[in-house]
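Data first, discussion second: the structure below is written as structure tokens.
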Amino acid sequence: MKSQSQMIFLLFIGYVFVYIDKTVTGFALLPIEKEFGLNAEQLGYITGIFFLAYSLFQVPAGWLNDRIGYKTMLVLSLSALGIFALCFGVLGLSFGLLLLFRFLSGVGHSGYPCSCAKAVVSNFSVENRTFAQSVLLSSAGLAMTIGPIIAVNALSLLGWHRSFAALGALVCVTAALIAWRIPRRPPAPAAAKKAAAGGALWRNPTVILLFISIFCVNIPSYGLMAWLPKFFVQSMGMSLSASGYVVAAGGLGIWVSSLGTGWLVGKYFLHREPLVIAVSALLSAAAIFAIFHAGTALTASLLLFVGEIFLMATFVTAFTLPMKRLPENIMGSAIGLINTGGTLGGFVSPIVIGYLVAKTHSYASAFLFLSLAMVCSALAVLPLMKRKTVAGLPVAD
């Protein structure tokens, strides 16, 4: 029990820094825009290229995770993320270098979610996996609650260059702690020999539908993270400091939801997860669209809080569903494939928003785009409502 608690704590801290990295980037776009004279589309590429790399390397990272073990992948992933965050701050002296280091950060990030999921599956019983994973995912809420406040103060005191350098150093320290304190558990011989072929994963309807649903959920998740600070400052006239507190309200909603969803679904909605996903997605869509029409910072905070509660409920339920149904030996690959949908959403979203804002000179179309994505997430899981169990994947001998 002590080793399990220690593992969850260290993985949680790692996840917090992973999410803070993405949160700080959204606020750093404002000084980066001024320093390099970039337009909205170029800023979208800085955020989007991170998720392009994350998407491209998600499945290979899951495959590698099943073979070399979750501890090695955790250390490699966090070390790469920290080193390239450090490089982004110290060596990010041109638009091209900014793109390069964010791409490489995305490569590092790609191995962390699937290795955390494998660590949970390998060390927790089936009935405790959803709660353990929801605790890890709640790090997003903590990061987005304290992250914006830390970001605006760090950017003000240190500037964006030194802020990223400090973040990178802290991530590397966390990687060292994981290497030191988390016990190594090598892959079982049978698991090393057995693997789900890519075609087998793609033929599983549940995997495909969750891939689509997570893709759609992460469009507003990362779109809001990247562009809300600019929207609040440029369209609503808030100060950067005030925008940080409004975004933090959304982070609080994520934190509450990620902790509460795992317990509620496990206790009251077992085998009815698709219904939770669909209803939560529709409620989130309505709240997100209403943010554009908010007249005050308080109204925007409340709407963002509600929207993020249901957005995170959608994500946690969809992301943890495979963990209760799929064999352990293909868990890394399956989670990696499903999460690739999410990272592709993170890649598409900021670029599309940047394009829409640049072409329409308004955020109205951007908020409509984000809301429709949540509606599509709800539609994607409708076929799963007829299934009480998830079909098993064929495993090659």
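From the helices alone, meaning DSSP H stretches of at least four residues, give me the mean residue ellipticity at 222 nm for the chain, per-run term -39500 (n - 2.57), in deg cm²/dmol to the nearest 500.
Values: 16 runs with 327 residues, N = 397.
After summing the helix terms and dividing by residue count, I get -28500 deg cm²/dmol.
Under a GNM of the chain (C-alpha, springs under 10 Å), which listed residue has the highest mean-square fluctuation: PHE292, PHE36, PHE27?
Looking only at PHE292, PHE36, PHE27, the largest GNM fluctuation is found for PHE36.
Kindly point out which whole DSSP H helices in the chain project their C-alpha atoms 18 angstrom or further along the helix axis while averaging a Kyte-Doolittle hydropathy of 0.5 or above. Don't skip to the end; give the middle numbers.
Numbers: long enough: 2-36 (49 Å, 0.75); 40-68 (41 Å, 0.58); 70-91 (30 Å, 1.86); 95-109 (21 Å, 1.46); 139-157 (25 Å, 1.58); 159-181 (33 Å, 1.05); 205-234 (43 Å, 1.42); 240-268 (41 Å, 0.93); 273-291 (27 Å, 2.12); 297-320 (33 Å, 1.86); 331-360 (43 Å, 1.12); 364-380 (24 Å, 2.12).
Length and hydropathy pass: 2-36, 40-68, 70-91, 95-109, 139-157, 159-181, 205-234, 240-268, 273-291, 297-320, 331-360, 364-380.
Placing unit charges on C-beta atoms (Lys and Arg positive, Asp and Glu negative, everything else neutral), compute the dipole magnitude of the chain about its Cα centre in debye, rounded to 20. Intermediate values should be presented prior to the final figure.
Details: 24 positive and 10 negative charges, 205 e Å.
That gives a dipole near 980 debye.
Can you tell which of SER371, GLY341, ILE20 lies farthest toward the positive end of the dipole of the chain, using +1 and -1 charges on the Cβ of basic and acidic side chains (Lys, Arg; Asp, Glu)?
It is GLY341.
At 7 Å along Cα-to-Cβ for each site, give me the label-to-label distance between TYR355 and ALA176 in nm.
4.4
Can you give me the C-alpha center-to-center distance between region 208-278 and region 11-85, rounded to a whole angstrom?
What the calculation gives is 18 Å, centre to centre.
Can you tell me the length gained on complete extension of the stretch LEU368 to VAL279, counting 0.36 nm per residue apart and subtracting the Cα distance? The partial results should precede the final answer.
Numbers: separation 89, 0.36 × 89 = 32.04 nm, distance 1.85 nm.
Fully extending the segment from LEU368 to VAL279 adds 30.2 nm.
May I ask for log10 I(q)/I(0) of the chain at q = 0.08, 0.12 Å⁻¹, from a Debye sum over the Cα atoms as equal point scatterers with solvent left out?
After summing over all Cα pairs, the log10 values are -0.37, -0.87.
Subtract the Cα-Cα distance of TYR245 and PHE9 from 0.36 nm times their separation in residues, and report this length gain in nm to one decimal. Could you put the intermediate results ahead of the total?
Values: separation 236, 0.36 × 236 = 84.96 nm, distance 2.60 nm.
82.4 nm is the gain from fully extending TYR245 to PHE9.
In a Gaussian network model over the chain where Cα atoms closer than 10 Å are linked, find which of ARG184, ARG102, ARG272 has the largest mean-square fluctuation.
With Cα springs under 10 Å in the chain, the top fluctuation among ARG184, ARG102, ARG272 is at ARG184.
Got a sec? How would TYR245, TYR19, TYR54 order by Cβ neighbour count within 10 Å, fewest to most?
Working: TYR245 16, TYR19 21, TYR54 28.
Taking fewest neighbouring Cβ atoms as first place, the list is TYR245, TYR19, TYR54.
Relative contact order (percent) for region 2-384, with alpha-carbon contacts under 8 angstrom and 6 or more residues of separation? Show your work: numbers first, answer last.
Values: 684 pairs, mean separation 110.2, N = 383.
After rounding, I find 29 percent.
Determine the principal axes of the Cα atoms in region 333-386, then give the extent along each, sorted from largest to smallest and rounded to whole angstroms.
Per principal axis, max minus min of the Cα coordinates gives 42, 25, 9 Å.
Can you figure out the FRET efficiency of VAL90 with LEU157, using R₀ = 22 Å and their beta-carbon distance, to the nearest 0.05?
Values: r = 17 Å, r/R0 = 0.79.
Step by step, r from the Cβ atoms, then E = 0.80.
Over region 27-172, what per residue volume does the convex hull of the Cα atoms give, in whole Å³? Mind showing how you got there, number by number?
On the way: hull volume 15.9 nm³, N = 146.
Spread over its residues, the Cα hull of region 27-172 gives 109 Å³ apiece.
Taken together, the values in this text are just the output of simple stated rules run on the coordinates, not laboratory data. Source: prediction; values computed, not measured. With ideal geometry, Cβ positions are generated from the backbone for all residues, glycine too; neighbour counts draw on all protein chains shown.
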